[in-house]
Amino acid sequence: MKETTYVIVMITCSSRKEALKIKKVLLEERKVACINIIPKVESFFWWAPTPPPPSRLQRAPAKIDSAHEVLILAKTKAIMFKEIVTLVKKIHKYEVPEIIDLPIIGGNKEYLKWIGESLSYPEKKKRK
C-alpha cells in the first residue's frame, strides 16, 4: 500500500470548549494546517466501565451508550499523527479519546500543497 502524505485527523470532543482548546494547541504548534469544528454530533458506541480492582472477579458488561459530541476534522501530513495523538491525549478529558487519521487519497493539488506549506511556513518575527 502506498503511504499517503496527507491525512484528515478525526477527534471527537466532549464539548465545544474542549474542541477549541485542542484546536488552539494543534494550530499554534503547527501540527495541522486547518481545523473544522462540527458541533452537535450524536455518537453511539459500546462502552464498559473502567476495569474493576483486582479483588473483583467480574468486569461490568459492556453496553451501548451514547453522547452528544463535537467533531474536529484536522488536515495535516501523515508524519504529524503521532505528535498529534500525544498532544491531544494531554488535553482530552476522555479515558479513550477518538483520534483517527484517514488518508487523503486525492484532492485539489493546490490545496494539498498549501497543507504542506502551512506546516513548514516560518513564523513571522515579532516586532519590537
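Values in this text are rule-based calculations from the coordinates and carry no lab data. Fair warning: this is a prediction, and the values are worked out from it, not measured in the lab. FYI the Cβ positions are ideal-geometry reconstructions off the backbone, even for glycines, and counts take in every protein chain you see.
Quick notes on this one:
- Convex hull volume per residue in cubic angstrom - Cα atoms of segment 69-124: 124 Å³
- 15 Å beta-carbon shell around Val9, net charge (K/R +1, D/E -1): +3
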